[in-house]
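Down below is the structure, laid out as structure tokens.
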Amino acid sequence: MEKIKELTEDKLQEIIKSGHVVLEFSATWCPDCRFLDPFLPEIEKDFSDAKFYQIDRDGSVDVAKKLMIMGIPSFVVYQDGKEIGRLVNKDRKTKDEVENFLRSLD
């Protein structure tokens with residue numbers, strides 16, 4: 001999973017333009033985000049057709065605001081540049097919740 005400290009609008013457009021892309025917005029200080037960390041490699045392996053990016057919300061405030069990321073951890077999924085789903089809220093998420101969400105987009 002590639003980690004992006006500062007996501008700009010130009011970089012966002014570049015990474016989502018083709019293929020299946022999953023953005024996870026999080027922050028180093030967020031305990032609910034860190035709760036998911038041990039499971040992210042497994043999730044990434046289970047959905048190997050997607051490219052995963054972990055976005056530092058604090059370093060990417062403008063893009064997060066534009067995408068209406070109000071709570072973290074939050075996931076936004078794109079297919080060939082178009083948003084196809086989001087799991088955006090402030091609640092702690094489990095591995096099963098994230099995987100069920102990703103499966104629902106197929």
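Some values worked out for this structure:
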read-out	value
Residues located in the range 95-106, provided they are in contact (Cβ under 8 Å) with a residue 12 or more places away in the chain and either assigned to a loop (DSSP other than H, G, I, E, B) or loosely packed, with under 13 Cβ neighbours inside 10 Å (or both)	SER104, LEU105
Residue count for the range 12-22, restricted to those that are surrounded by 13 or more Cβ atoms within 10 Å (Cβ to Cβ), in contact (Cβ under 8 Å) with a residue 40 or more places away in the chain and not small (Gly, Ala, Ser)	5
Of all residues making up the range 52-63, the number that are touching a residue at least 40 places away in the same chain (Cβ under 8 Å) and either part of a strand (DSSP E or B) or under 14 Å from the mean Cα position of the chain (by Cα) (or both)	7
Residue that is farthest from GLN13 (Cα to Cα), among those in the range 51-85 that are in contact with a Phe, Trp or Tyr (Cβ under 9 Å, 6 or more places away or on another chain) and of a type in the set (S, T, N, Q)	SER74
Selected residue (criterion: surrounded by the most Cβ atoms within 10 Å (Cβ to Cβ)) from residues of the range 23-51 that are more than 16 Å from ILE69 (Cα to Cα) and either touching a Gly at 6+ places or on another chain (Cβ under 7 Å) or among the aliphatic types (A, V, I, L, M) (or both)	LEU36
Selection within the range 68-83 - touching a residue at least 40 places away in the same chain (Cβ under 8 Å), out of contact with any helix residue (DSSP H, G or I) (no Cβ under 6 Å at 6 or more places or on another chain) and either part of a loop (DSSP other than H, G, I, E, B) or within 18 Å of LEU40 (Cα to Cα) (or both)	ILE69, SER74, PHE75, VAL76, VAL77, ASP80
When residues of the range 4-47 are limited to those that are assigned to a helix (DSSP H, G or I) and among the β-branched types (Val, Ile, Thr), the one farthest from PHE101 (Cα to Cα)	ILE15
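No value in this document is a laboratory result; all are computed from the given coordinates. Here the structure is a predicted model, which means the values were calculated and not measured. Please note: Cβ atoms are built from the backbone with ideal geometry, for glycine as well, and neighbour counts cover all protein chains shown.
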